[in-house]
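Engineer: Pasting a structure below so you can have a look.
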Amino acid sequence: MRLEPIVAGNWKMHKTPSVGVYFVEETVNLLLDIKHVSVIFAPPFTGLIEMDVKPPFYVAAQNCHWEDHGAFTGEISVSMIRDCGSDYVILGHSERRHIFGESDEWINRKVDAVLSGALKPILCIGETLDQRESGQTQRILKTQLEQGLAGVDSIENILVAYEPVWAIGTGVTATTDQVEVAHAAVRNILRELFPGSDDVHVLYGGSVKPDNAEELIQVSGVNGFLIGGASLDVDSFTSIIRTVEKDQMRILC
């Protein structure tokens with residue numbers, strides 16, 4: 001049976017708290033009738049405490065520190081995030097890896113902290129263009145999963161998001177064949193690391209837009225999306241969610 005899909009919107013460094021609240025209210029009001037898709041809003045830290053949503057709507061932080069408190073200027077702990085009412089934390093996003101230099105070891109510490117704090121990690125993995133062109137995609141994905149999930153006993157409460165780095169914010173979208181091969185590789189690696197992990201969501205993130213959402217959600221192994229730019233506009237975000245809902249209803253019927 002196909003997993004019920006999840007659509008997460010990563011706002012990155014966009015939207016003030018007041019703008020974010022209005023955006024969420026407007027989006028939720030337009031989606032009051034959805035039944036088969038879970039929706040996650042990931043505002044900047046400044047907007048977390050203002051979010052007031054109920055299932056099937058949830059809130060995620062975009063990052064965290066692995067320590068619960070201490071002299072770490074500018075950092076946010078899992079307990080702070082939880083106290084704001086968040087359910088998820090995005091970890092290992094390509095921008096954190098490649099702009100801010102986060103290592104798999106750091107990301108692993110954060111995964112452990114999020115799980116220990118009773119929240120759910122959304123672990124991002126993916127290869128650069130150079131890595132893909134040199135045939136390293138599967139090796140990179142395996143390394144990121146092995147090291148990012150080191151010491152984890154169960155991935156029951158973990159989501160994985162495959163995001164080809166070369167297709168993020170570039171307007172370039174991986175072909176459906178490329179997405180299917182990558183998601184199959186991720187699933188096989190997860191089975192090796194955690195037998196019986198077929199119920200783990202593997203989301204796709206890479207320039208998902210209203211005009212390609214329908215074909216992407218039908219790709220085998222894609223259990224939803226992690227969306228960047230298209231999640232900042234009410235019309236585009238709700239359009240993608242409705243496309244995913246329609247596809248799920250098609251399968252259920």
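Engineer: What do you reckon, how do Arg97, Arg191 stack up by accessible area (1.4 Å probe), largest on top? Intermediate values should be presented prior to the final figure.
Structural biologist: Numbers: Arg97 30, Arg191 100 Å².
Ranked list, largest accessible area first: Arg191, Arg97.
Engineer: Could I ask something else about it? Computing the accessible area with a 1.4 Å probe over protein heavy atoms, can you report the carbon and sulfur percentage for the chain?
Structural biologist: Working: 5990 of 11880 Å².
So the carbon and sulfur contribution to the accessible surface is 50 percent.
Engineer: Report the accessible area of Phe45, computed with a 1.4 Å probe over the heavy atoms of all protein chains in place, in Å² rounded to the nearest 10.
Structural biologist: 80 Å²
Engineer: Let me cross-check Asp68: its accessible surface, 1.4 Å probe, with only protein heavy atoms counted, in Å² to the nearest 10?
Structural biologist: For Asp68, solvent-accessible area is about 80 Å².
Engineer: Want the number for Asp33 to Ser79: 0.36 nm per residue separation, take away the alpha-carbon distance, what's left? Don't skip to the end; give the middle numbers.
Structural biologist: Numbers: separation 46, 0.36 × 46 = 16.56 nm, distance 3.25 nm.
The Asp33-Ser79 span can extend by a further 13.3 nm.
Engineer: Give the ranking of Met51, Met13, Met80 by solvent-accessible surface, highest area first, calculated with a 1.4 Å probe. Mind dumping the intermediate values first?
Structural biologist: On the way: Met51 20, Met13 180, Met80 100 Å².
Greatest to least solvent exposure: Met13, Met80, Met51.
Engineer: Give me the percent relative contact order of the chain, please, defined on Cα pairs under 8 angstrom at least 6 residues apart. Kindly include the intermediate steps, with their values, before the conclusion.
Structural biologist: On the way: 460 pairs, mean separation 52.9, N = 253.
Worked out over the chain, it gives 21 percent.
Engineer: Per residue of region 135-145, what does 6.51 cos²θ - 1.76 cosθ + 1.60 with θ = phi - 60° give for ³J(HN,Hα)? Whole Hz please, x for Gly and Pro, Karplus curve as stated.
Structural biologist: x, 9, 3, 5, 5, 5, 4, 5, 4, 5, 6
Engineer: Skip the ligands, DNA and RNA, and give the accessible area per residue of region 194-253 with a 1.4 Å probe, whole Å². Let's see the in-between values first.
Structural biologist: Numbers: 2490 Å² over 60 residues.
Value returned for region 194-253: 42 Å² of accessible area per residue.
Engineer: Ignoring everything but the protein chains, give the 1.4 Å probe accessible area of Asp130 in square angstrom, nearest 10.
Structural biologist: Only protein atoms counted, so the area is about 120 Å².
Engineer: From Cα pairs below 8 angstrom and at least 6 apart in sequence, can you work out the relative contact order of region 141-251, rounded to a whole percent?
Structural biologist: Taking the mean separation of contacting Cα pairs over the length of region 141-251, I get 28 percent.
Engineer: Let me ask another. GNM, the chain, Cα, under 10 Å: largest mean-square fluctuation among Asn188, Asn223, Asn29?
Structural biologist: The residue that fluctuates most here is Asn29.
Engineer: Taking the Cα atoms of the chain, what is the range of coordinates along each of the three principal axes, in descending order and whole Å?
Structural biologist: 51, 44, 34
Engineer: When the label point is put 7 Å from the Cα of Leu232 along its Cα-to-beta-carbon vector, which residues of region 44-64 have a backbone N closer than 18 Å?
Structural biologist: Within reach of a label on Leu232: 44-48, 62-63.
Engineer: Further question on the same structure: Hey, what's region 1-132 come to in accessible area per residue, 1.4 Å probe, Å²? Let's see the in-between values first.
Structural biologist: Working: 6480 Å² over 132 residues.
Accessible surface, normalised per residue, equals 49 Å².
Engineer: Moving on to the next point. May I ask you to list the lysines whose Cα is less than 27 Å away from that of Lys209, ignoring any residue fewer than eight positions away on the same chain?
Structural biologist: By straight Cα distance, Lys209 reaches Lys12, Lys15, Lys35, Lys54, Lys120, Lys246.
Engineer: Tell me what the chain gives for mean residue ellipticity at 222 nm when only DSSP H runs of n ≥ 4 count, each as -39,500 (n - 2.57), the sum divided by the residue total, rounded to 500 deg cm²/dmol.
Structural biologist: Details: 10 runs with 101 residues, N = 253.
So the calculated ellipticity at 222 nm is -12000 deg cm²/dmol.
The values are calculated or read from the model by the stated rules, or taken from the named source; none is laboratory data. Keep in mind the model is a prediction, meaning the values are calculated, not measured. Every residue, glycine as well, gets a Cβ built from its backbone with ideal geometry; the counts of neighbours run over all protein chains shown. Keep in mind that these areas ignore ligands, DNA and RNA; they rest on the heavy atoms of the full protein, side chains included. Shrake-Rupley method; radii C 1.70, N 1.55, O 1.52, S 1.80 Å.
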